[in-house]
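Below is one structure, written out as structure tokens; the observations come after it.
Each value in this text was obtained by applying a stated rule to the coordinates, not by laboratory testing. What you see is a predicted model, and the numbers here were worked out from it, not measured in a lab. Here the Cβ positions follow ideal geometry from the backbone for every residue, glycine too, while neighbour counts run over all protein chains shown.
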Amino acid sequence: MSYVDEVIETVVKENPSEPEFHQAVKEVLESLRPVIEKNEAKFRRDALLERLVNPERQIKFRVPWIDDNGQVHVNTGYRVQFSSAIGPYKGGLRLHPSVNLGIIKFLGFEQIFKNSLTGLPIGGGKGGSDFDPKGKSDREVMAFCQSFMSELCKYIGADTDVPAGDIGTGAREIGYMFGEYKKLRGLFEGVLTGKGLSYGGSLARTEATGYGVLYILEEMLKCHGIDIKGKIITVSGSGNVATYAIEKATQLGAKVVTCSDSTGWVYDPDGIDVPALKEIKEKNRQRLREYPKYRPNAKYFDGKGVWTVKSDIAIPCATQNELTLEDAKMLVANGVIAVAEGANMPTTAEATEYFLDNKILFLPGKAANAGGVATSALEMSQDSERIKWSFEEVDTKLKHIMINLYHSIDDAAKKYEMQDNFVVGANIAGFEKVVDAMDAQGIV
Ligand code: NDP
């Protein structure tokens, strides 16, 4: 059996009930086949892949907190410190009822390669909890965040592990967690990113992931002789990534006609109204069904349906495995030319394969949404230097990072004679740097 197949089989056997983690490992290792097979004996002797797929450390802990009625609840907290080969662990904290160890491991594993692709010195990690901030009062969210941080603070630090936001963890949650860390550790340091501007946050971090998706998408299209201006785009999600992807797409002259949340979706033939979206989701924390009150021409539908709308480009920005083979077939039949993943692994393995088989330009999340973590790394730089860059400075650096990232995945795909396969390109380009660092640092 080949080394790649052997390791995939072991991962599945040793990590039962973690289908998302299996999916992420399979996708990465399958694309690394040509690189591994060139040097199989050495990689096998060094147990390189076993070291890559086993987190350096995984922490699981109890998070007790009291609700507004005096009832005590217990959630589970996680932090998976996957790889510190190229820098301190870096990756977000997800707060969502679906969170379990397998989900955090899949996200942490992806993060290793994503962070490497940014060209910045950051390792891979991820964390979170099955706590659901939705419908909780500010005091309840604070109680949870403080309890969560009272344990997590033992394992993180500005030079060891720097968590950030993710689904369910926005500016409010980061603020509460930072306050608790500072109190317990007595340190005002850049231990979290996505902080508020008044206490060490970076300008443009809020916008970075969504803007970054559009910067890399624009570059890819440009290199294929396609202008993004005038294109019709379907987006899913209406959170941080979706909102700023829609904003930048609109600024670049495209028209985004859909967005969604976990209860339904919106079709706006005139283009999504970003200020209305921000008011509903960011300010009022309401459901998307409020949207037609702001835009009478728009329609709201319960359930799933974004991918049934005809578009030139699709940008899934909600959650993992939200775009299925059936959706992919519909998008292709409707003439989609490009897909850029704003979320992490939103496209199922079968749907990804279908896009690639049909020559759709497909940018995987680890490349397309890397602008968020790249700007988090820029926030870390500003924190350690105790300076603040302007919005334009950060945005310009972000744009350069995304353009360079596109060319590095494009070059890697071409080097292995798989032109326009950016899944392979991203995995190989991310892997090469990590492996080089692992090799140099010996068996640790
Ligand atoms: P938010 O919590 O801000 O938004 C998530 C959006 O997706 C919301 O609209 C939410 O709906 C919807 N959603 C979440 N879970 C589900 C589900 N199970 N089914 C349907 N819809 C769902 O998160 P972000 O925008 O920050 O993150 C979105 C994705 O992007 C995630 O995969 C995340 O890992 C990834 N990402 C985020 C980065 C960042 O900087 N924020 C960086 C890189 C990747 P509702 O409002 O109903 O909850």
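Below, the figures for the structure above:
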quantity: Separation between Cα centres of the stretch 1-66 and the stretch 307-366, rounded to whole Å; calculated: 25 Å
quantity: Exposure proxy order (Cβ contacts within 10 Å, fewest to most) of K231, K329; calculated: K329, K231
quantity: Global geometry of the stretch 294-444, whether rounded, prolate or oblate, following the gyration tensor of its Cα atoms and the 1.5 cut on a/c; calculated: oblate
quantity: Global form of the stretch 1-54, assessed from the alpha-carbon gyration tensor, a/c cut-off 1.5; calculated: prolate
quantity: Listed residues T209, T76, T234, most fluctuating in the chain (Gaussian network, C-alpha, under 10 Å); calculated: T76
quantity: Global geometry of the stretch 207-368, whether rounded, prolate or oblate, following the gyration tensor of its Cα atoms and the 1.5 cut on a/c; calculated: prolate
quantity: Kirkwood Rh, angstrom, the stretch 57-188 [1 / mean 1/r, Cα pairs]; calculated: 14.7 Å
quantity: Förster-model FRET efficiency, 25 Å R0, A158 and K415, C-beta, rounded to 0.05; calculated: 0.10
quantity: Highest-fluctuation residue, K414, K278, K222 considered, GNM on the chain with Cα pairs under 10 Å; calculated: K222
quantity: Between the stretch 151-203 and the stretch 116-141, the alpha-carbon center distance in angstrom; calculated: 10 Å
quantity: Sequence of L331, L203 once ranked by neighbouring C-beta atoms within 10 Å, starting from the fewest; calculated: L203, L331
quantity: Ellipticity estimate at 222 nm from DSSP helix runs (n ≥ 4, -39,500 (n - 2.57)) divided over the chain, nearest 500; calculated: -15000 deg cm²/dmol
quantity: Full-extension gain in nm, E37 to K299, via 0.36 nm per residue minus C-alpha separation; calculated: 89.1 nm
quantity: Potential lengthening between R57 and T308 on full extension [0.36 nm per residue; Cα-Cα distance subtracted]; calculated: 86.2 nm
quantity: For the chain, fraction of C-alpha pairs farther apart than 27 Å, in %; calculated: 51 percent
quantity: R289/I66 FRET efficiency (R0 35 Å; Cβ-Cβ; nearest 0.05); calculated: 0.65
quantity: Net length gained if the chain between V12 and D46 were fully extended (0.36 nm per residue, minus Cα distance); calculated: 10.2 nm
quantity: Top of E392, E180, E151 by mean-square fluctuation, Gaussian network on the chain, Cα under 10 Å; calculated: E392
quantity: Counting DSSP beta bridges with both ends in the chain, the antiparallel % (nearest 5); calculated: 55 percent
quantity: Pairs from K195/K231; K304/K414; K26/K90; K154/K278; K90/K293; K182/K388 whose Cα-Cα separation, in the structure shown, is over 31 Å; calculated: K195/K231; K304/K414; K154/K278; K90/K293
quantity: Contact order relative to length of the chain, as percent, for alpha carbon pairs under 8 angstrom and 6 or more apart; calculated: 15 percent
quantity: Proxy reagent accessibility, fewest Cβ within 10 Å first, across K255, K283, K229; calculated: K283, K229, K255
